[in-house]
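The values are calculated or read from the model by the stated rules, or taken from the named source; none is laboratory data. None of the values given here were measured: they were computed from a predicted structure. A quick note on method: Cβ atoms are made from the backbone with ideal geometry, for glycine too, and the neighbour counts reach across all protein chains shown.
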Amino acid sequence: MPKRVWFLIVGMFFNTVGSSFLWPLNSIYIHNHLGKSLTMAGIVLMLNSLAGVFGNLLGGYLFDRIGGFKTIFFGVTANLTVLGLLTIWHDFTQYVVFLTFLGFTSGIIFPSMYALIGSTWPEGGRRAFNTLFLTNNVGVAIGPALAGIIADMNFEYVFITNLATYSIFFIIVITTYRRFDINGMAPKNIIAEGGGVHAKAPLYAILILSTSLILCWLSYTQWSATISSYTQELGMSLSQYSVLWTINGLLIVAVQPIIRPLVRHWEDKLKNQLIFGLLLMSASFVFVYYAGDFKMFATAMVVLTLGEVFFTPVIPAIANQLAPQGRQGFYQGIVNSATTIGRMIGPLLGGVMVDLYGMQVLAVILTIVLIVAIIPCLLFDRPLKRMKFE
């Protein structure tokens, strides 16, 4: 890897550790500590994700217009300000307002990080985006584990530690990321040059594929929404629930040498990776249906994680391949927005379904949803084939 990539890796690590302190515990805090229903928790998380959709699109747009450093610096500064306010005030009304703003400010950062690593290490291909994916999940392995321990002591300390961790990311950005723009690492801005996207087929392709991403994250987000509260009802501690995310993060790193031969075999068959990943993720909710203790939830998480390592890194790699020069940020913004839309719909839909019908019914629905998500993966490249034919 180029040395510049390491700065992105370290930054992404602290960004994820900071952000992952709160997101697995949001539903628990709203439901158990603030006394609101799971449906209300779903509405709050929906507002957070809705704001994230606009943040993703703005982040991708700004990346193409002003470059990676300025975009990320803007997002990090805004995020740090909101986190500071949330640390001081986090009753229900303030929590809703600040969590919504956090969705927007955090959303600005992620498409820029992915677009920046794509332009910094273009020859890396899938490996470049898999590197950020791995880094993100190492942060997920550490953040929730620490958060669960800290929350068991005092939930107030979660907000303080979250702010402190994110401050480290801010320092990394202002001391190292400027060199990306100085050395012209951001792609040329074809909008300012009067250019445009000549072929719409790549845009149609990424929009079709994004449908699958929405369905995937609609299901995946249940682990930080309805399933988190469900584990509490079954008598699991916050520490045990946090360990599930530690399993997720560590397993993603540990299985890389094992899956590498299969990934190489499917290097030019990205559809196979997408479909195989979705099938595994669908199977994980069969285990959730029968889960009643920590071991069964851990088994479900293992299966979910194996599906995730095949599915998730492929999407930004495809987006980078499809994006015309100077539009990498915009395409990564679309991908991140699709992820965020899934996160927006998921908690509300899941909360309503659990409140009305219970966790088992939701698990059956999610199993079917992930199988349906395979269809866009099979069809997304048809616009490209039609363009070539014409």
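Odds and ends about this structure:
- The set of residues in the range 67-99 being free of Cβ contacts under 8 Å to residues at least 60 places away in the same chain, not hydroxyl-bearing (S, T, Y) and not in a loop (DSSP other than H, G, I, E, B) consists of F74, G75, A78, V82, L85, I88, Q94, V96, V97, F98.
Residue-by-condition table, conditions (1) among the basic types (K, R); (2) over 30 Å from G326 (Cα atoms); (3) buried (at least 21 other Cβ atoms within 10 Å of the Cβ); (4) touching a Pro at 6+ places or on another chain (Cβ under 8 Å):
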| position | (1), (2), (3), (4) |
| --- | --- |
| I117 | no, no, yes, no |
| R127 | yes, no, no, no |
| T131 | no, no, no, no |
| N137 | no, no, yes, no |
| I150 | no, yes, yes, no |
| E156 | no, yes, no, no |
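- Here the range 337-373 is the region considered, the condition is being surrounded by fewer than 17 Cβ atoms within 10 Å (Cβ to Cβ) and over 23 Å from the mean Cα position of the chain (by Cα), and the residue that is modelled with the lowest pLDDT is D355.
- Tally of residues being aliphatic (A, V, I, L, M), within 22 Å of M344 (Cβ to Cβ) and surrounded by fewer than 19 Cβ atoms within 10 Å (Cβ to Cβ) across the range 63-95: 1
- Qualifying residue in the range 162-184 (condition: at pLDDT below 85, in contact with a helix residue (DSSP H, G or I) (Cβ under 9 Å, 6 or more places away or on another chain) and assigned to a loop (DSSP other than H, G, I, E, B)): yes
Residue-by-condition table, conditions (1) surrounded by 18 or more Cβ atoms within 10 Å (Cβ to Cβ); (2) in contact with an Asp or Glu (Cβ under 8 Å, 6 or more places away or on another chain):
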position: W223; (1), (2): yes, no
position: L238; (1), (2): yes, yes
position: Q256; (1), (2): no, no
position: K269; (1), (2): no, no
position: G277; (1), (2): yes, yes
position: S282; (1), (2): yes, no
position: V288; (1), (2): yes, no
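- Condition met for S212 (modelled with pLDDT of 60 or more, of a type in the set (S, T, N, Q), over 27 Å from I142 (Cβ atoms) and part of a helix (DSSP H, G or I)): yes
- Residue under evaluation D268, criteria (1) without any contact (Cβ under 8 Å) to a residue 40 or more places away in the chain; (2) touching a Cys at 6+ places or on another chain (Cβ under 9 Å); (3) of a type in the set (D, E, K, R), criterion not met: (2)
- Test: residue in the range 308-322 that is in contact with a Ser or Thr (Cβ under 7 Å, 6 or more places away or on another chain) and not β-branched (V, I, T): no
- Filtering the range 264-322 to residues that are under 20 Å from Q222 (Cα atoms), assigned to a helix (DSSP H, G or I) and of a type in the set (G, A, S) leaves G277, S282, A283, S284, A298, A300, G307.
- Test for I318: is it within 17 Å of the chain's Cα centre (by Cα), at pLDDT 85 or above and under 27 Å from V53 (Cα atoms): yes
- Failed item in (1) closer than 20 Å to N26 by Cα; (2) in contact with a helix residue (DSSP H, G or I) (Cβ under 7 Å, 6 or more places away or on another chain), with G67 passing the rest: (1)
- Residue in the range 41-62 that is surrounded by 18 or more Cβ atoms within 10 Å (Cβ to Cβ), without any contact (Cβ under 8 Å) to a residue 40 or more places away in the chain, in a helix (DSSP H, G or I) and in contact with a Leu (Cβ under 8 Å, 6 or more places away or on another chain) present: no
- Number of the exception - G333 against (1) surrounded by 23 or more Cβ atoms within 10 Å (Cβ to Cβ); (2) farther than 27 Å from T120 by Cβ; (3) of a type outside the set (S, T, Y): (2)
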